[in-house]
Amino acid sequence: MATGNLMITMMGQPVADVLRTRLLQAAADSADSSEWDRVDDDHRRIAEHIAAGDGDGAEAAMRQHINDLRSLYQRASCW
């Protein structure tokens, strides 16, 4: 509960569940089986920047991660 607000968490959970299900299906249908490996690498890189106190690096890595996920979201019809 990152917000500290139970109501926001409760309202957001159904949306998160739908997105998670659709993303997992899109990734499973993907011809590129290394897609999740790249996502894991992205998350690791973002966490390393945060742990090092490198806000600019974390921001840049997160922006790149979101951009890289665009095609997965499009295949999942999430936007």
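Only the coordinates and a few stated rules stand behind these numbers; no lab work does. The structure presented is a predicted model; accordingly, all values stated were derived computationally and were not measured. As a convention, Cβ positions derive from the backbone with ideal geometry for all residues, glycine included, and neighbour counts pool all protein chains shown.
Brief remarks follow.
- Footprinting exposure proxy for Glu48, Glu35 (fewest neighbouring C-beta atoms within 10 Å first): Glu48, Glu35
- Formal net charge of residues neighbouring Ala52 (Cβ-Cβ distance under 15 Å; K, R +1; D, E -1): -2
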